[in-house]
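Please read the structure below before turning to the comments.
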Amino acid sequence: MEKNMRFIKFAEIISRAFPFLAISAFPCIVSDVRSLISLAIIPAVIWILWAKIKNQKWDIPDRNGRIVPLTIMVIYGFVLVIIEPNFLTKFYLTNVLSLLIITSFWKISIHCYGLSAIIVALIKFNQICNNLLYFVVFIYMGFLIFTMWSRIYLEKHTPLQVVVGTLLGFGQNLIFLYLFS
């Protein structure tokens with residue numbers, strides 16, 4: 001079955017939007033630029049630089065190719081927790097450590113996992129977007145649904161990998177918040 005080029009382009013735009021969506025959520029989650037840089041921008045740069053160094057697409061489609069950048073991000077997360085042991089740095093470390101462990105055995109959609117974790121963080125850590133919280137969460141839920149579709153449509157993931165990534169992103173972070181907040 002031949003796919004419609006307009007749908008392919010739209011799906012690619014949605015998929016490529018993930019790092020920007022992750023970073024743009026942070027002003028609603030944290031109120032300082034330092035946290036935005038340390039918890040969103042630096043991890044995105046680590047990931048993208050690794051992909052460039054290895055001459056891979058930015059989303060690193062090969063599961064084994066994701067192990068080293070995730071390991072670097074886990075080490076970086078431990079350093080963050082040592083330097084500033086607050087709830088958000090532990091939240092970051094827990095997420096990248098989980099992604100590393102899961103990715104060691106199976107490929108899930110990090111796009112969907114990440115957007116799910118961001119939605120949980122938006123609800124929990126909402127610092128600035130008080131009056132707009134429901135609107136922002138609604139927008140991110142829409143992006144999550146489109147991202148789930150795009151990852152499957154572009155054949156980057158199976159439906160199971162997308163669903164598991166989404167459910168783990170929500171489930172693990174809700175459990176983490178329940179246990180530690």
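Label-to-label distance for TRP106 and ALA17 is 2.8 nm, based on points extended 7 Å past Cα in the beta-carbon direction.
The local environment of LEU70, defined by Cβ-Cβ distances under 15 Å, has a net charge of +2 under the rule Lys, Arg +1 and Asp, Glu -1. Provide, for q = 0.17, 0.23 Å⁻¹, the log10 of I(q)/I(0) from a solvent-free Debye sum over equal Cα point scatterers in the range 78-136. Debye intensities relative to I(0), on a log10 scale: -0.69, -0.98. Using a probe of 1.4 angstrom and keeping all protein chains present, the accessible surface of the chain works out to 55 square angstrom per residue. With r as the distance between the Cβ atoms of TYR178 and ASN86 and R0 = 22 Å, compute the FRET efficiency 1/(1 + (r/R0)^6) and round to 0.05. Efficiency for this residue pair is about 0.75. With a Förster radius of 41 Å applied to the C-beta separation of VAL163 and VAL79, the computed FRET efficiency comes to 0.80.
From largest to smallest, the equivalent ellipsoid semi-axes obtained for the range 9-76 from the alpha-carbon gyration tensor read 22, 17, 8 Å.
A Förster distance of 25 Å, applied to the separation of the beta-carbon atoms of PHE10 and ASP62, puts the FRET efficiency at 0.55. With distances taken between every two different alpha-carbon atoms, the chain has a Kirkwood hydrodynamic radius of 16.7 Å. Taking 0.36 nm per residue of sequence separation and removing the Cα-Cα distance, the ILE42/TYR134 pair yields an extension gain of 30.3 nm.
Ignoring ligands, DNA and RNA, what percent of the 1.4 Å accessible area of the chain is carbon and sulfur? Using a 1.4 Å probe with all protein chains present, the chain comes out at 72 percent carbon and sulfur.
If you take the Cα centroid of the range 48-83 and the Cα centroid of the range 146-181, the two points sit 19 Å apart.
The values are calculated or read from the model by the stated rules, or taken from the named source; none is laboratory data. Worth saying up front: this structure is predicted, and the values here are computed from it rather than measured. Reconstructed Cβ throughout: ideal geometry from the backbone, glycine too, with neighbour counts over all protein chains shown. What goes into the accessible areas is simple: the full protein's heavy atoms, side chains included, and nothing from ligands, DNA or RNA. Shrake-Rupley method; radii C 1.70, N 1.55, O 1.52, S 1.80 Å.
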